[in-house]
Amino acid sequence: MSDTSKTVKSDSSEPGKVEKTGGVIEDQTTVAPADDPTAAPVSVVDPRLLVREEGFKGYLTEFKRKVKGGELGQIPVVIGLIVIWTIFQAKNDLFLSADNLSNISYFMSATGMLAIGLVFVLLLGEIDLSVGSVSGLASTLFAVFVVDHTMNPWLSLVLTIVTGVGIGALHGWFFAKIGVPAFVVTLAGFLGWNGLMLWLLGSSGTINIPSDSGPVHLLGQNSFFMDQAIIGAYLLAGLAVVLTAIGNFGEQRRRRAAGVPFRPTTEILLRVGALAVASFLAASVLNNASGVSNALVIFLAALVIVDFVLRRTTYGRKVFAVGGGIEAARRAGINVPMVRITVFAISGGFAAVGGMFFAGQTASATLNAGGGNTLMLAIAAAVIGGTSLFGGRGTVWSALLGMLVIQSIQTGLDLLNMNTSIQYMITGGVLLGAVVIDSISRKSQKAAGRG
């Protein structure tokens, strides 16, 4: 599991002394004991290196420590997804068929785009209740631009997304500058933008969009990546593996050059290998159906881009900082109002994109777009996937995992011809369970001194 060798302690008293042992640069800082400043300095080694030196046993010990301390990560949702798939497959052997899995991957993308935007808001410990109405308004605006004003579909798409960003920024401005609670501002948006959508749709309540209109054709259920299912699916899988390997080895090289702990080559190879197995297996399953839909490709691309923004950019660190503690972030020189406004603008933008996905599914703008339980499912997806309602903790990949859980429940119950009421009750129970796990996790972290 590890390509490191036994740690060699440094006898040097030079602060920040860096030594190489077994191919890993160890960050060893010498400090004097607190109870005796005159005593000989003691070498302090990064604990992550000690974990990796022990190989599989070290990782197992670290895993147990994290679980005991409440750092559950994505474990509960992965276990829950396995249980859900097992139950539905036992009830109906068509559940894990290629066609059904292809449907799950396609229909989860629209609500999943709303969930991505909500992750940003939840990281601040806030809520955006307007995303469903904004998505419905976006699909309606697109239909009005294209059908009533014969505008270019791609220009209409840009204007629609810009409108969503502007609406989100307006919500953020009222919240950050005026001090109106986010719950109230976005609740007003939920009502107001829904009313505007109804007014634009008129008495008919529906505007049909030509199925060959640029974005609508791109996002249709029968539109697939490269229009060559086998080539496209395996190309995407290979690209994901190559980019992951490049990113991991690049980070290893940078951390080695900087003299800080880095992930050993064996661990990287195992991670990349696991991703390769999962990616090519998924590609094979989707190829047995119709291939990888464009909607899924765009959804996954959005996840990768947003994950990079949150984890690798200064702006992403500011979002986590504000969610972790407003006063601490302000004292660190972060422009808190700016972060809040931009986060809600991002949420509005993704809501508009999600609205376009809904329009692509039906080739129309209807009263049902963004309505019903769309908002609740988007919030549930982010929370079930592991993003904390209390702010400061989460990842955009929770939108993917959460939507997999929710769409699997919906599709499985449809196969069993269950009533919609059962679907609501089960989804509500899963959501409550996710929040309970999050709350218990936070209490465990505080008890362990890491909260």
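Only a single item in (1) at pLDDT below 95; (2) touching a Phe, Trp or Tyr at 6+ places or on another chain (Cβ under 7 Å) is not met by S203, and it is number (2). For segment 309-317, the count of residues that are under 29 Å from S139 (Cβ atoms), in contact (Cβ under 8 Å) with a residue 40 or more places away in the chain and open to solvent by 30 Å² or more (accessible area, probe 1.4 Å) is zero. Q407 meets the conditions (1) assigned to a helix (DSSP H, G or I); (2) within 23 Å of G168 (Cα to Cα); (3) at pLDDT 85 or above in every case but one. The failed one is (2). Filtered by the rule that a residue be in a helix (DSSP H, G or I) and either open to solvent by less than 10 Å² (accessible area, probe 1.4 Å) or in contact with a Gly (Cβ under 7 Å, 6 or more places away or on another chain) (or both), segment 93-105 gives a lone residue, I104. Filtering segment 414-426 to residues that are under 16 Å from I384 (Cβ atoms) and either open to solvent by less than 60 Å² (accessible area, probe 1.4 Å) or not aliphatic (A, V, I, L, M) (or both) leaves Q423, Y424.
Could you tell me which residue of segment 57-79 is modelled with the highest pLDDT, considering only residues that are assigned to a helix (DSSP H, G or I) and touching a helix residue (DSSP H, G or I) at 6+ places or on another chain (Cβ under 6 Å)?
V77
Of the listed requirements (1) at pLDDT 90 or above; (2) in contact with a helix residue (DSSP H, G or I) (Cβ under 9 Å, 6 or more places away or on another chain); (3) of a type in the set (A, V, I, L, M); (4) open to solvent by 30 Å² or more (accessible area, probe 1.4 Å), A90 misses just one: (2).
Which members of segment 355-403 meet the condition of being among the aromatic types (F, W, Y) and closer than 17 Å to A110 by Cβ? F357, F358, listed by residue number.
So that you can scan it fast, the table gives a plain yes or no per residue for (1) in contact (Cβ under 8 Å) with a residue 60 or more places away in the chain; (2) in contact with a Phe, Trp or Tyr (Cβ under 8 Å, 6 or more places away or on another chain); (3) surrounded by 18 or more Cβ atoms within 10 Å (Cβ to Cβ):
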| position | (1), (2), (3) |
| --- | --- |
| D128 | yes, yes, yes |
| G132 | yes, yes, yes |
| G136 | yes, yes, yes |
| S156 | no, yes, yes |
| L159 | no, yes, no |
| V184 | no, no, no |
| G192 | no, no, no |
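So, of the residues in segment 220-231 that are under 21 Å from Q361 (Cα atoms) and part of a helix (DSSP H, G or I), which turns out to be modelled with the lowest pLDDT?
To start, the set of residues in segment 220-231 that are under 21 Å from Q361 (Cα atoms) comprises 220-229.
If we keep only those that are part of a helix (DSSP H, G or I) as well, we get 225-227, 229.
On the way: F225: 77, M226: 70, D227: 60, A229: 55.
Result: A229.
Of A282, A276, all but one fail to be within 24 Å of Q221 (Cβ to Cβ) and of a type in the set (A, V, I, L, M); the exception is A282.
Evaluating I334 against the criteria (1) surrounded by 17 or more Cβ atoms within 10 Å (Cβ to Cβ); (2) out of contact with any helix residue (DSSP H, G or I) (no Cβ under 6 Å at 6 or more places or on another chain); (3) outside any helix (DSSP H, G or I) leaves one unmet condition, (2).
Taken over segment 201-229, the criterion of being surrounded by 15 or more Cβ atoms within 10 Å (Cβ to Cβ) and more than 21 Å from L141 (Cα to Cα) is satisfied by Q221, S223, F224, F225, M226, A229.
For W85, are the conditions met, namely being open to solvent by 60 Å² or more (accessible area, probe 1.4 Å), closer than 25 Å to L196 by Cα, not charged (D, E, K, R) and not in a loop (DSSP other than H, G, I, E, B)?
Details: open to solvent by 60 Å² or more (accessible area, probe 1.4 Å): yes; closer than 25 Å to L196 by Cα: no; not charged (D, E, K, R): yes; not in a loop (DSSP other than H, G, I, E, B): yes.
Criteria not met by W85.
Regarding segment 248-261, can at least one residue be identified that is aliphatic (A, V, I, L, M), modelled with pLDDT of 90 or more, out of contact with any His (no Cβ under 6 Å at 6 or more places or on another chain) and over 23 Å from M108 (Cβ atoms)? No - not one qualifying residue is present in segment 248-261. Please indicate, with yes or no, whether at least one residue in segment 274-292 is within 27 Å of A138 (Cβ to Cβ), part of a helix (DSSP H, G or I) and open to solvent by 20 Å² or more (accessible area, probe 1.4 Å). No, there is no match, as no residue in segment 274-292 is within 27 Å of A138 (Cβ to Cβ), part of a helix (DSSP H, G or I) and open to solvent by 20 Å² or more (accessible area, probe 1.4 Å). S398 meets each of the listed conditions (1) at pLDDT below 80; (2) open to solvent by less than 60 Å² (accessible area, probe 1.4 Å); (3) part of a helix (DSSP H, G or I) apart from (1).
Pairs meeting the criteria (first residue in segment 90-118 and farther than 30 Å from G166 by Cβ, second residue open to solvent by 10 Å² or more (accessible area, probe 1.4 Å) and aromatic (F, W, Y), beta carbons under 9 Å, at least 6 apart or on different chains) are F95/W85; F95/F88; L96/W85; L96/F88. Restricting segment 246-265 to residues that are open to solvent by 40 Å² or more (accessible area, probe 1.4 Å) and assigned to a loop (DSSP other than H, G, I, E, B) leaves a set whose member that is nearest to A276 (Cα to Cα) is R263. Selection within segment 345-385: residues that are part of a loop (DSSP other than H, G, I, E, B) and surrounded by 24 or more Cβ atoms within 10 Å (Cβ to Cβ). The member of this set that is modelled with the highest pLDDT is G385.
Condition test on R263, is it in contact with a Pro (Cβ under 8 Å, 6 or more places away or on another chain) and not hydrophobic (A, V, I, L, M, F, W, C)? It would help to see each step written out before you state the result.
Details: in contact with a Pro (Cβ under 8 Å, 6 or more places away or on another chain): no; not hydrophobic (A, V, I, L, M, F, W, C): yes.
For R263, the condition - in contact with a Pro (Cβ under 8 Å, 6 or more places away or on another chain) and not hydrophobic (A, V, I, L, M, F, W, C) - is not met.
The values are calculated or read from the model by the stated rules, or taken from the named source; none is laboratory data. Keep in mind that what you see is a predicted model, and the values were worked out from it rather than measured. Note that each Cβ is placed from the backbone with ideal geometry, even for glycine, and that neighbours are counted across all protein chains shown. Only protein heavy atoms, including side chains, enter the accessible area calculation; ligands, DNA and RNA are left aside. Shrake-Rupley method; radii C 1.70, N 1.55, O 1.52, S 1.80 Å.
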